[in-house]
Amino acid sequence: TGVASHVPEYKLTLAVSKKLQKELKARGYKVYMIRTKNNVNISNKKRAQLANKSGADIYIRIHADSSNSRAVTGASGLYPSKSKKLSSCLLKSYCKKTKIRNRGLVARDDLTGTNWSKIPVSLIEMGFLSNPSEDRKMQKSNFQTKMAKGIADGIDAYFK
């Protein structure tokens, strides 16, 4: 919908995830990646089950949003009702670091990527690919690093 992204959403999210992995390891965290390459056919339910079995304390899902309107902007946090604190920490820190508009938190107990999780989980919608300005920003490697640092700051805040 809207304007096609320079890079498909799944490639963008993997690029940010790899930067986040590097940032978290530098901060002393152990990181378990569900997906480390783009050619992966794995259901959202299976991803949550893998996160459950990993021994991780939290499960972070990263996504880029889209809309029929090119004018929609901002980041949001989607979470099952048991994971509001995690999503709040992530979204607040992410928006502070990136200066992307905070669209707020949305409780969602109907998402297969989160409702199978037995550990705190959050889905961060990093911004809108359908918004040309936000899309261009998210395509830049240095901005992706800023995005990853914002998420990592949120993880730090959650564990304080």
TODO: Quick one: pull the percent of accessible area on the chain belonging to carbon and sulfur, 1.4 Å probe, ligands and nucleic acids left out.
DONE: 48 percent
Task: Net charge, Glu125 excluded, C-beta distance under 9 Å - Lys, Arg +1, Asp, Glu -1 - done: 0
Task: Dipole magnitude (debye, nearest 20) for the chain, charges at Cβ of Lys, Arg, Asp, Glu - done: 460 debye
Open item on the list: Rounded to whole Å, give me the distance from the Cα center of the stretch 112-160 to that of the stretch 36-89.
Closed with: 8 Å
TODO: Provide the descending list of Cα extents for the chain along its principal axes, expressed in whole angstroms.
DONE: 39, 30, 30
TODO: Name the residue farthest towards the positive end of the dipole of the stretch 26-160 from the options Val106, Val121, Met147, assuming +1 on Cβ of Lys and Arg, -1 on Cβ of Asp and Glu, about the Cα centre.
DONE: Met147
Task: Residues whose placed amide H lies under 5 Å from that of Ala64, excluding near-sequence neighbours - done: Met126
Open item on the list: At a 10 angstrom cut-off on C-beta neighbours, averaged per residue, how do the peptides 49-56, 14-21 rank from highest to lowest?
Closed with: 14-21, 49-56
TODO: Apply the Kirkwood formula to the stretch 1-78: the hydrodynamic radius equals the inverse of the mean of 1/r over all pairs of different alpha-carbon atoms; give it in Å with one decimal.
DONE: 14.4 Å
TODO: Using a/c under 1.5 as the rounded threshold, could you call the stretch 48-119 rounded, prolate or oblate? The axes a ≥ b ≥ c are square roots of the C-alpha gyration tensor eigenvalues, and prolate needs a/b larger than b/c, oblate otherwise.
DONE: prolate
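With contacts defined as alpha carbon pairs under 8 Å and 6 or more residues apart, what's the relative contact order of the chain in percent? Could the numbers behind the result be given before it?
Working: 300 pairs, mean separation 54.6, N = 160.
Reported as a whole number, the value is 34 percent.
So which of Lys11/Lys140; Lys99/Lys146; Lys22/Lys146; Lys97/Lys140; Lys22/Lys45 end up more than 18 Å apart by C-alpha?
Working: Lys11/Lys140 13 Å; Lys99/Lys146 10 Å; Lys22/Lys146 12 Å; Lys97/Lys140 15 Å; Lys22/Lys45 26 Å.
Checking Cα-Cα distances, Lys22/Lys45 exceed 18 Å.
Take each of the peptides 24-37, 121-134, average the number of other beta-carbon atoms within 10 Å over its residues, and list them starting from the highest. Don't skip to the answer; put the middle values down first.
On the way: 24-37: 12.4, 121-134: 23.3.
The peptides rank, most packed first, as 121-134, 24-37.
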Open item on the list: I want to verify the translational diffusion coefficient of the stretch 77-160 in µm²/s; compute it with Stokes-Einstein, Rh as the Kirkwood radius over Cα pairs, at 4 °C and 1.567 mPa s.
Closed with: 98 µm²/s
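The values are calculated or read from the model by the stated rules, or taken from the named source; none is laboratory data. Remember, predicted model here, so these are calculated numbers, not experimental data. Virtual Cβ from ideal backbone geometry, glycine too; neighbours counted across all protein chains shown. For accessibility, only protein heavy atoms count, side chains too; no ligands or nucleic acids. Shrake-Rupley method; radii C 1.70, N 1.55, O 1.52, S 1.80 Å.
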